[in-house]
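Peer 1: The structure under discussion is supplied below as structure tokens; questions concerning it will follow.
The values are calculated or read from the model by the stated rules, or taken from the named source; none is laboratory data. All figures in this text were calculated on a predicted structure; none of them were measured in a lab. For neighbour counting, all protein chains shown are included, and Cβ atoms are generated from backbone atoms with ideal geometry for every residue, glycine included. Protein only, heavy atoms only, side chains kept; ligands, DNA and RNA dropped before computing areas. Shrake-Rupley method; radii C 1.70, N 1.55, O 1.52, S 1.80 Å.
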Amino acid sequence: MSMVTFEHVVKKFGNNTILDDISLNINKGEVVVVVGPSGSGKSTFLRCINALETIQGGDIRVGKLSVRGKPSEVRELRREAGMVFQQFNLFPQLTALENVMFGPIHARGMSNRQARETAIALLEKVGLAERMDHYPGELSGGQQQRVAIARALAVNPLLMLFDEPTSALDPELRHEVLKVMKDLAEEGMTMIVVTHEMDFARKVGSRLIFIDQGKIAHDGPPSELLSNPPSQRLKDFLQHVV
Ligand code: ADP
Ligand code: MG
């Protein structure tokens, strides 16, 4: 079953073409790791999927919902594509629990009591039940990112988009976030993950995409592409990240 479809997608900033006629299909349950040089358009690629950026050509669909649909369709599409950012983006004035309750109450119209139950279960799942009354400022980066993942999951999205979720973390805090992501992948969540964590790509990814100069330069099994890079561009890139 197709979860995300790109049809001849063109994304430009001014005269600068970032995504140049990209077509691709991602099925339910795939864990797609996206890599590429800095500035190659990885964040833009993710942001186009949940319509945080508008596209200039082609179409992107999440399930049956199009980024070019009417506003109500786009709102629904955004709810179906949970996003986790490099900088966590939690609400600083809300506790961990309140952060996770926010989406279910405001985007799904869930009752306060039910949202609370959902949020507690998710915070348990990411190993933070005992920190639920803490504010983001009282949590480590790794803990904040796990709250951000719980918050994105709370509205029960169809797929999860991760934009360098561990890049802002000290190396010793990365594994706790990667572990939560690995568990999620094993549960069958469809995930698109921009990351430089090649170990994650190899062990958890079902597919690796290398974006370069506006195009998908490579798309295949992570183990094959990583152990036997088919181009000098990918070889050079991998030498810089590992
Ligand atoms: P990556 O995530 O791979 O580092 P980005 O998607 O952030 O790359 O950016 C791709 C290109 O688009 C870069 O050249 C960047 O400068 C440009 N870009 C990103 N966002 C904007 C924007 N809002 N306005 C203009 N140019 C942008
Ligand atoms: Mg980026």
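Peer 1: Hull surface divided by four, with the convex hull built on the Cα atoms of the chain: how many nm²?
Peer 2: Mean projected area of the Cα convex hull: 13.1 nm².
Peer 1: Calculate the translational D of region 158-201 in whole µm² s⁻¹ from Stokes-Einstein, where the hydrodynamic radius comes from the Kirkwood formula applied to all Cα pairs, the temperature is 25 °C and the viscosity 0.890 mPa s.
Peer 2: Stokes-Einstein gives a translational diffusion coefficient of 228 µm²/s.
Peer 1: Over what distance in Å are the Cα centres of region 197-242 and region 89-105 separated?
Peer 2: If we compute the Cα centre of each part, the gap is 35 Å.
Peer 1: Could you work out how far apart the two model spin labels at Asp20 and His8 are, taking each label as a point 7 Å from the Cα in the direction of the beta carbon, and quote it in nm?
Peer 2: Between Asp20 and His8, the simple spin-label model gives 1.8 nm.
Peer 1: Shifting gears a bit: Remind me, relative contact order of region 188-242 in percent, using alpha carbon pairs under 8 angstrom and six or more residues apart?
Peer 2: Values: 34 pairs, mean separation 14.4, N = 55.
Once divided by the residue count of region 188-242, the mean separation gives 26 percent.
Peer 1: Calculate for the chain the 222 nm mean residue ellipticity that helices alone would give, adding -39,500 (n - 2.57) per DSSP H run of length 4 or more and normalising by residue count, nearest 500 deg cm²/dmol.
Peer 2: Rounded to the nearest 500, the figure is -11500 deg cm²/dmol.
Peer 1: Roughly how many percent of the accessible protein surface of the chain is carbon and sulfur, given a 1.4 Å probe and a whole-percent answer?
Peer 2: With neighbouring chains kept in place, the figure for the chain is 48 percent.
Peer 1: Also: Taking 8 Å as the Cα distance limit and 6 or more residues as the minimum spacing, I'd like the relative contact order of region 100-242 as a percentage.
Peer 2: Details: 135 pairs, mean separation 24.8, N = 143.
That works out to 17 percent.
Peer 1: Check which residues have an amide H placed less than 5 Å from Met83's amide H, if you skip close sequence neighbours.
Peer 2: Hits under the 5 Å cutoff: Leu161.
Peer 1: Moving to a separate point now. Counting only C-alpha contacts under 8 Å and six or more residues apart, can you give the relative contact order of region 87-141 as a whole percent?
Peer 2: 48
Peer 1: Determine the per residue accessible area of region 98-160 with all protein chains present and a 1.4 angstrom probe, expressed in square angstrom.
Peer 2: Numbers: 2890 Å² over 63 residues.
The answer is 46 Å² per residue.
Peer 1: Let me ask something else about it. Where in the chain are the helices, taken as whole DSSP H runs, whose Cα atoms extend 15 angstrom or more along the long axis and whose Kyte-Doolittle mean reaches at least -1.0?
Peer 2: For the chain, where a helix must reach 15 Å along its axis and average at least -1.0, the hits are 96-106, 112-125, 141-153, 171-186.
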